[in-house]
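Below you'll find the structure, written out as structure tokens, and then a few comments.
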Amino acid sequence: MLLSTSRASIMEFRRYAATLAVFATALYGALLIATLDVLSVLLERDVIDDADAGPLAGPIACVVAAGVVFTTLLVRALRVPRHAHDIALGVALLAGIGSALGYAVGGGLVVAVADPYRFLPFVLEQLIGPFAAAAGILAFIVVLLDMIVLSSRIDERGRPRWPWERRDS
């Protein structure tokens, strides 16, 4: 009985962590789009300066960056034991770097469809620009916030409850 209760508790925590990963990724996507728009207005510069890139380079770059964040959060939610969900700055930093690279490479793949020789210059141009850096910084922040929320949940049992739902001990 104790083993099945422990297993159910682990499954509930993983379900909670996976759900949190979905919502954190949605938050990341919204923040990324808003930040890119604000940076574009402030810098008076298009997010994707390359005229040959087409209309899909920016959205696909954002989707790939969000995919990196989601994969990081989901793998951490499903693979790390419940008691080991600490705040890992290294993982958050790697997610930020991966997201910035994913942003640049995702847009570069769209450009490479039309002209494969434009892939590397496009990726390098994006990596030295402010937009890929914004994607990486936001990924770092969102992954860090996800870790903080998960680590604060370790000692709780069951779903979160409103104050009036809690049993008095």
Which of the residues belonging to the range 64-103 are surrounded by 24 or more Cβ atoms within 10 Å (Cβ to Cβ) and not β-branched (Val, Ile, Thr)?
Ala65, Ala66, Leu73, Ala95, Gly96, Ser99, Ala100, Gly102, Tyr103
Considering residues that are within 15 Å of Val123 (Cβ to Cβ) and assigned to a helix (DSSP H, G or I), the number found within the range 41-67 is 8
Identify the single condition in (1) in contact with a helix residue (DSSP H, G or I) (Cβ under 7 Å, 6 or more places away or on another chain); (2) under 22 Å from Ile48 (Cβ atoms) that Tyr117 does not satisfy, given that it satisfies every other one.
(1)
Does Ala34 satisfy being surrounded by fewer than 16 Cβ atoms within 10 Å (Cβ to Cβ) and closer than 13 Å to Ala134 by Cβ?
yes
Select from the range 48-104 the residues that are within 22 Å of Phe13 (Cα to Cα) and polar (S, T, N, Q) and list them in ascending order.
Thr71, Thr72
Residue identified as under 29 Å from Ile33 (Cβ atoms), modelled with pLDDT under 95 and of a type in the set (Gly, Ala, Ser) among Gly129, Gly158:
Gly129
Taking the range 112-145 and keeping residues crowded, with 23+ Cβ neighbours inside 10 Å and either hydrophobic (A, V, I, L, M, F, W, C) or outside any helix (DSSP H, G or I) (or both) leaves Phe122, Phe131, Ala132, Ala135, Leu138, Ala139, Val142, Val143
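The values are calculated or read from the model by the stated rules, or taken from the named source; none is laboratory data. Computed from a prediction, not measured in an experiment: that's the story for all the values here. Every residue, glycine as well, gets a Cβ built from its backbone with ideal geometry; the counts of neighbours run over all protein chains shown.
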